[in-house]
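Structure, as structure tokens:
Nothing in this text is a laboratory measurement; each read-out follows from the coordinates by a stated rule. Keep in mind that what you see is a predicted model, and the values were worked out from it rather than measured. Here Cβ is always computed from backbone atoms with ideal geometry, including for glycine, and neighbour counts include all displayed protein chains.
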Amino acid sequence: MKIKSQYTCQSCGFNAAKWMGKCPECGAWNSLVEEKITQSKDSSISAVRESFQAKGAGTSNLVLLGEMSEEQKAGAKHRNSTGSPELDRVLGGGLVRDGFVLIGGDPGIGKSTLLLQVAQGLTENAGVKKVLYVSGEESIEQIQSRAKRLRIKNQSSIYLAAETQLEKVLTIVKDLKPELLIMDSLQTFSTGFIESAPGTVSQVREVTSRLMNLAKSAGIAVWLVGHVTKDGSIAGPKIVEHLVDTVLYFEGDSGQTMRLLRTVKNRFGNTNELGVFEMTADGLIDVANPSALFLSERTEQAMGTAIVATLEGSRPLLVELQALCVPSPYGTPRRTSVGMDSQKVAILTAVLEKHVGASLQNQDLFFNVAGGLRLSEPACDLASVAAIYSAIREVPIDSSTMFLGEVGLTGEIRKVTQIELRVDEAKKLGFKEAIVPHSQLERAKKTSGIKITPIAHVNELKNMLRS
Ligand code: TYD
Ligand code: MG
């Protein structure tokens, strides 16, 4: 057995043979910490693997590209539905049998709640017989009381363990042979092969790569929770994203009930998918029609607001953009933007001043994306310009009109992607008119029952919004 010493930067994960005051990779000061790694052959995972192979699961290492396993031939592999359509979509159509999913998010956002519900969903809908939920941060009683609050059924299929030592977890897995292993959370587990404390870069990496090895060799699904931390003292999920199959981030304002689950990486499906949930007293519930939720608090005929159909992955979402102008008490007027890049808002404001002739001089501008969403799509440009114009000129925009289009620096309106999908969504929610790029008039007209108005230049907004 050999003990190797290395120095790892706790903010970026850079490795060095000797200590340095400043990390050459990320420039952080005093971030290199000595970590001792015991190099010896680890047999715990191969033992698990053998036990699974004895059971008939597990996979051999060398196969031809065209060769299919017995299970694939039988069509049994592929996806298990979690019972939540929102979650299934984010995963790319359900849970893969040996998939390794990392779910990141701020503490308190609802990760543990979601995972208990996943455990219940899989046992209920996909016929999963055994789920092992390992918690390194809560006691068994705490998990049980949460489960009671969530009214989790199938209590005889879900096993709980309070454990922080990875090797002990592997022993439990070897005996229990669960089909799904939930590890909550990454930063609390440690392996005996590394001497540093739980939550350090090398522990976090080592624990994750061992769990990945376990998922693939024993053929079980593993879900790993990772807290996103603001200070660099604990390594976050970013550091291990490259090791796993699927990376999901759970977001939301802890003061609000809406939660968004985003796919950041997925070896089994699309990235940029979005699942929308609502946190209630009974846990997380799917929001099947988020557009309706985003628009629910909109006021009719308000000044300074415009609706756009943005795309999150393959999913259209109708969102309200808001602008507010007030006389500025300072020499340099303020430009504040929430939910959209402020540079973008500055560019659109400049285009509006130059090509439509609406002046924002001596005016503070506040820009907001309602509902807490962040938008970066060029397709939102026209709606943003319309909202700002409506705020400056104090002309109301009809609340049943939707805007689509990218705005160029010369004021021209450019194409957006997947226009049919967006117009369809607006039609479904009862919108009466869609203002679309001139060049996409024909494609947009494929949706019937909604008036389609083409626009070629931002200048035309003046006439459109006057009437
Ligand atoms: P939790 O799943 O513990 O968050 P995480 O694992 O991401 O740290 O959930 C935390 C919050 O969710 C907690 O403040 C209480 C709230 N909550 C509800 O509103 N309803 C519920 O049914 C449950 C279980 C939790
Ligand atoms: Mg938790």
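Figures for the structure shown
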item: The chain: angle of helix 342-355 to the longest principal axis, Cα-based, in degrees nearest 10; result: 20
item: Amide H partners (placed H, <5 Å) of residue 455, local residues excluded; result: 436, 438
item: log10 of Debye I(q)/I(0), alpha-carbon scatterers only, for the range 230-384 at 0.12, 0.15, 0.18 Å⁻¹; result: -0.67, -0.95, -1.17
item: Order by protection proxy (mean Cβ within 10 Å, highest first), peptides 266-274, 397-405; result: 397-405, 266-274
item: All Cα pairs of the range 293-466, percent lying beyond 26 Å; result: 21
item: Spread of Cα-to-Cα distances over 10 Å intervals beginning at zero, given as percent, for the chain; result: 4, 18, 23, 20, 18, 12, 5, 1, 0
item: Whole-number D in µm² s⁻¹ for the range 255-329, Kirkwood Cα-pair radius fed into Stokes-Einstein, 4 °C, 1.567 mPa s; result: 88
item: Prolate/oblate/rounded call for the range 78-288, Cα gyration tensor, a/c under 1.5 rounded; result: rounded
item: Average silhouette area of the range 188-238, convex hull of alpha-carbon atoms, in square nanometres; result: 3.7
item: For the range 293-466, share of DSSP beta bridges that run antiparallel, in % to the nearest 5; result: 55
item: Bridge type composition, the chain - antiparallel percent by DSSP, nearest 5; result: 55
item: D (Stokes-Einstein, µm²/s), Kirkwood Cα radius, the range 1-41, 1.002 mPa s at 20 °C; result: 204
item: Rg/Rh ratio calculated on Cα atoms of the range 197-310 (Kirkwood radius); result: 1.08
item: Folded to 0 to 90 degrees: helix 111-125 orientation relative to the chain principal axis, Cα; result: 80
item: Binned Cα-Cα distances of the range 236-276, short to long, each 10 Å bin given as a whole percent; result: 29, 47, 22, 2
item: Cα-based radius of gyration of the range 85-149 once divided by 2.2 N^0.38 Å, which approximates compact folds; result: 1.17
item: Environment charge at residue 242 (Cβ cut-off 12 Å; Lys +1, Arg +1, Asp -1, Glu -1); result: +2
item: Distribution of pairwise C-alpha distances over the range 341-430, 5 Å bins, in %; result: 2, 12, 23, 25, 21, 11, 4, 1, 0
item: Peptides ranked, highest mean first, by Cβ atoms within 10 Å: ranges 93-101, 338-346, 275-283; result: 93-101, 275-283, 338-346
